[in-house]
Amino acid sequence: MSQTFKSPRPIPVLVNESTFSHKKTRRGFDVECLPPRPPVKSAPPVSRIFKRSRKHVEGAHAVSFKENGCKLESPELVSPHYDAKSKELYFKQCFEVISRLGEGSFGEVYKVRSKEDGCLYAVKKSRERFRGDADRRYKLEEVNKHELLRRHPNCVRFVKAWEERQNLYILTELCVMSLKNSLETMESFPENEVWNLLVDLTLGLKHLHDHNMVHMDIKPANVFVGRDKLYKIGDFGLVLELSKCEEVTNAQEGDPKYLAPELMQGSFTKAADIFSLGISILETACDIELPKGGDAWHQLRNGQLPKTFTQGLSPELSHLITWMMDPDPRKRPTVDDILAQPSVKKTWRKRKWLYYYSKMYSSLSKFYIWISIYVMWIIMLLVWPFKPLKRFWSTDTPTPNQDVSFHSETSYSTMEDSHNLSQESVHTPDRSASFEDLLSHPVARPPWHKDGYCSSPTHLQVPTSTSHTKASPATFAMNHLNGQLTPPLDTSSPSRGQYTPPSEGRRGRLFEDDGVTAKLGVGPKNLLDVFEDAAI
């Protein structure tokens, strides 16, 4: 009896799905922290050993690579709100910090409002100062990558950059939130929104790959939701330009949770971005907590996806995620292959309409603002000629504290007509009196207002007698005793027959408060009158 031996069956590969968990199970308990800072070197920095240029340390200087990718001479920033002599930073002088949006391994991100145009922006400040010229050139390369790329709706818009006191500042457009924050606040991400996310990120990656660049750090923390409801790729700090061998040699990997397996062997290709995109879509669609290492980390990079997490996905989306996370980078799809899928094409057409609608809405909003300003300007021009006619309809009534005696020429002339004194009613001093006797008589109080200002009285005490006779010496003596002596007037002068009110400039404060005795004395004009009368 012959015994036949069958070949052994292949050992099944078991995936330990207990190592995976949902994000909502740790929500509110586990908080991600930043990676630890590198240890402090015992040796002094290079700047203390080798003498180098420190031009970029003094004040704020713009950073630009617009001419053939070469570093331009850093010009000083010009702004009406910036004072180069001030010790305060350009960032503090020209921007109003509203809040801090977050921080990462590179630096801190702030929500600011520009004092020049009043618009909201996001400013990313480097976490540490430049550690030398090489470190400075490496950090400034992010600005070069922004300027090499043309503006794209699925990439965060770059505004400008500057360096000040060995720190780099990058000003970009302000987005609503990051995809990471959205995943932490939402219980689940609907699949139709996952398709929208996939289309937008694929279009953004296509823009980079067409310029022969690799992002190297695609993850939800670097994906932002714009105000136009489009998803945008940001944070170009690790972007590689494949045409430069030096950058590929000194390339750095991104977050290990989204790292492609071939990067461990130093193979930097565009397929690495496709893997990071696929695992980011897996995290978003399945609400899975990605491991930082261990067996679960290797299982995902061997193409072993947990079925309990992916069973709720549509076959098209599940197939596309598995294809993008293929262990062999040569078998992964390109951005053009992804956009050629029927489900992606259908979603892409809808996103085009949304993009055109958002652009049209933005343009119409700006047009409406300019039209409103133009209409208001026309109305002001039409109304302005009729503005002086308002004085014919409104009557100016004097306030209680107003000196009505000098309010207008009409009021003064009326007062003159009603209280004009004839030559007979004015006392003429005795011409036989000596000069000493005239000086011995005190001068009567000048007319004063209730507020203490010298002015003509509002109401004059008119004599009750209707007959105009010469004042007798007895009347003169009684007036003198009562303190109501009228200042001497020369009847020979035509201007002495009526009282001339003093000018506004000559009216001085004679009383500091009501009830205080006036400061009496002989003025220069009265003294000249005395000399003239004594000489006659």
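Structure notes:
- Entry for region 177-349 at q = 0.15, 0.17, 0.18, 0.20 Å⁻¹: log10 I(q)/I(0) = -0.82, -1.08, -1.23, -1.55, Debye formula applied to identical alpha-carbon scatterers, no solvent contribution.
- Euclidean distance of C-alpha centroids, region 328-379 and region 241-256, integer Å: 32 Å
- The C-alpha radius of gyration of region 60-173, expressed as a fraction of 2.2 N^0.38 Å, stands at 1.04.
- Residues K85, K139, K232, sorted so that the one with the fewest Cβ neighbours within 10 Å comes first: K85, K139, K232
- Proxy reagent accessibility, fewest Cβ within 10 Å first, across T322, T172: T322, T172
- Sorting Y121, Y356 by the number of Cβ atoms found within 10 Å of their own Cβ, with the fewest placed first, yields Y356, Y121.
- ³J(HN,Hα) computed for each position of region 195-208 - Karplus, 6.51 cos²θ - 1.76 cosθ + 1.60, integer Hz, glycine/proline x: 5, 4, 4, 4, 5, 5, 5, 5, 5, x, 5, 4, 4, 6
A short reminder: the numbers here are calculations on the coordinates, not readings from a lab. Since we're looking at a predicted model, the values are computed, not measured. Note that we place each Cβ from the backbone using ideal geometry, even for glycine, and neighbour counts take in every protein chain shown.
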